[in-house]
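J.: The structure that follows is given in the form of structure tokens.
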Amino acid sequence: MFLARVLIGKTCIGHSSMKVPPEGFDTTTDGGHIFVIYHDAGAY
């Protein structure tokens, strides 16, 4: 496990079959505990 700072941008609720976020969103979330980023440049 590791800790990282992540730029989350505009989020929406996601699900396991998503390969990219919907149009207009940058990340997906489970409601506030887990955030999924789709581009490595979003984490630093």
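None of the figures in this text is laboratory data; all of them are computed from the coordinates on show. Keep in mind the model is a prediction, meaning the values are calculated, not measured. Cβ placement follows ideal geometry from the backbone for every residue including glycine, while neighbour counts extend to all protein chains displayed.
J.: Provide the FRET efficiency to the nearest 0.05 for the Ile13-Tyr38 pair, computing r from the beta carbons and using R0 = 22 Å.
T.: On the way: r = 15 Å, r/R0 = 0.67.
The computed FRET efficiency comes out at 0.90.
J.: Follow-up. Quote the Stokes-Einstein diffusion coefficient, in whole µm² s⁻¹, for the chain, based on the Kirkwood radius over alpha carbon pairs, a temperature of 4 °C and a viscosity of 1.567 mPa s. Please report the intermediate quantities before stating the final value.
T.: Values: Rh = 10.8 Å.
My calculation gives 120 µm²/s for D.
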